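For reference, the structure is listed below as C-alpha cells.
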Amino acid sequence: MANCGWGQARGEILMYDSERKEVAEHSIACGMKGDIINNVIVDNYNHIWIITNQAVKEYNPRNGAYRSYYTGTSDFLLNRLLSRASYYDGKGEIFFGGISGIISIPPSQQLESIPEQVVTYITDITVKGKSIWDSGLAEDPLKKSVRINPDDQSLEINFSSLDYHNLEQVRYAYRLEGVDNDWVYPEEGKNSAFYTNLGKGKYVFKVKATDKNGLWSDKITEFTIHRLPAFL
C-alpha cells in the first residue's frame, strides 16, 4: 500500500489510492461509528492507528483485523485522550497524551499473524422472546433445521466464542443468506442477530468471530432455518 494515503473526514476513515485515483472508505471495516477522530497515524507495518477522545484503534487494512484500547481500563491507564496529543517516533513507539499522563504502545506484527481457529457457538435462539430450548422443540440447530411457524414474527440468535478473557477484543460477523447481502458487523460487545417478518422458505444463518488479536477465524458456524408457509 505504498501508493495509498490515509486521512479522516467527519468521523470517516478514508484511503486514497494515487495510482487508481480512487477513495475507499474503511470506517465500518475498522469499527468506527462516526466518532470524532483526533489523529490518524501510519506505522512501519502500514497499520493505521486511529485516535479518538476515548479510544485508540490499531487497524490492518490488508486483512481487516483491528484491536482497540479504551480509556479508563486497566491496560490503558488514561481516563481521556487529548486532541493532537499523539506522536510516532518512527522507530518503535507511539505516544499518547491524556488525563492523567502519557503512555506509549509499540507497533507490532500481532495483526499480521496466523489467526487462531476460533469456533463460534450458538448459545440461544428465541422466537417471539421464548427460547426454543425452553419449549418442547429442543432441536440442536447445528444438526436439525429450526422451523418457524407462520405467526412467529421475531427471531433472535445469540452466539459466542466463549472466550471470556478477551471479551473486549473478540468481534463477530453474521449473515442470513436470503436476507443479508453481505456480512453484518455488529457493534463491539454485541453478539446477537435479530430478524422480523421473514418470508416463507429456507434460510442459512452463518456466523464467525475474531481471535484476541482481531484476526478473523476461518471457522464459520451455520445452521438452516425453515419458515413454514401459512395454510388456509
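The values are calculated or read from the model by the stated rules, or taken from the named source; none is laboratory data. Please read these numbers as outputs of a predicted model, since none were measured by experiment. For neighbour counting, all protein chains shown are included, and Cβ atoms are generated from backbone atoms with ideal geometry for every residue, glycine included. Please note that ligands, DNA and RNA were not included when accessible areas were found on the heavy atoms of the full protein model with its side chains. Shrake-Rupley method; radii C 1.70, N 1.55, O 1.52, S 1.80 Å.
Between the labelled values (i) -0.30, -0.85, -1.02, -1.19; (ii) -0.34, -0.88, -1.05, -1.22; (iii) -0.23, -0.76, -0.99, -1.23, the entry that holds log10 I(q)/I(0) by the Debye sum over Cα atoms at q = 0.07, 0.13, 0.15, 0.17 Å⁻¹ as derived from this structure is (i).
Short-range pairs are left out: with C-alpha atoms under 8 Å and at least six residues apart, the relative contact order of the stretch 33-112 is 22 percent.
Please work out how much length the chain gains when fully extended from A230 to R80, using 0.36 nm per residue of separation minus the C-alpha to C-alpha distance, in nm with one decimal. Can you show the working numbers first?
Numbers: separation 150, 0.36 × 150 = 54.00 nm, distance 5.54 nm.
Working it through step by step, the gained length comes to 48.5 nm.
What order, most packed first, do the peptides 163-176, 119-132 have when packing is the mean number of other Cβ atoms within 10 Å of each residue? Could the numbers behind the result be given before it?
Numbers: 163-176: 17.1, 119-132: 15.1.
So the order, starting with the most tightly packed, is 163-176, 119-132.
Given R₀ = 22 Å, FRET efficiency for D89-N53 by Cβ-Cβ distance, to 0.05?
Values: r = 23 Å, r/R0 = 1.04.
The computed FRET efficiency comes out at 0.45.
Based on C-alpha pairs under 8 angstrom that are at least 6 apart in sequence, the chain has a relative contact order of 15 percent. Near the amide H of T123, within less than 5 Å, lie the amide hydrogens of N158, F159, S160, all on another chain or at least 5 residues away, with H placed in the peptide plane.
Within a Cβ distance under 14 Å of N166, other residues only, what is the Lys/Arg minus Asp/Glu net charge? Don't skip to the end; give the middle numbers.
Values: positive: R67, R171, K212; negative: D75, E116, D163, E168, E188, D211.
For residues surrounding N166, the net value is -3.
Working note: Karplus 6.51/-1.76/1.60 with θ = phi - 60° gives the stretch 64-69 the couplings x, 6, 8, 9, 10, 10 Hz, where Gly and Pro are set to x. Each residue of the stretch 164-172 was assigned a 3J(HN,Hα) from its phi angle through the Karplus expression (A = 6.51, B = -1.76, C = 1.60, θ = phi - 60°), giving 7, 7, 10, 4, 6, 9, 7, 10, 10 Hz with x at Gly and Pro. Rounded to 0.05, the FRET efficiency of the S131 and E12 pair, given R0 = 41 Å and the Cβ-Cβ distance, is 0.55.
In the context of the full set of protein chains, the stretch 81-232 has a per residue accessible area of 58 Å² (1.4 Å probe).
Farthest towards the positive end of the charge dipole of the chain, among the residues N213, G64, L176, is the Cα of L176, using unit charges on the Cβ of Lys, Arg, Asp and Glu. Taking amide hydrogens as placed 1.01 Å from N in the peptide plane, the amide H of K219 sits under 5 Å from those of V118, each at least 5 positions away in sequence or on another chain. Estimated at 0.36 nm per residue, the fully extended path between K21 and I220 surpasses their Cα-Cα distance by 68.1 nm. Here the accessible area is traced with a 1.4 Å probe on the protein chains. For the stretch 70-222, carbon and sulfur cover 48 percent of it. Pairs from the table (K33/K91; K33/K212; K57/K212) lying more than 25 angstrom apart at Cα are K33/K91.
To the nearest 0.05, what FRET efficiency results for Y45 and Q117 with a Förster distance of 30 Å applied to their C-beta separation? The formula returns an efficiency of 0.80 here.
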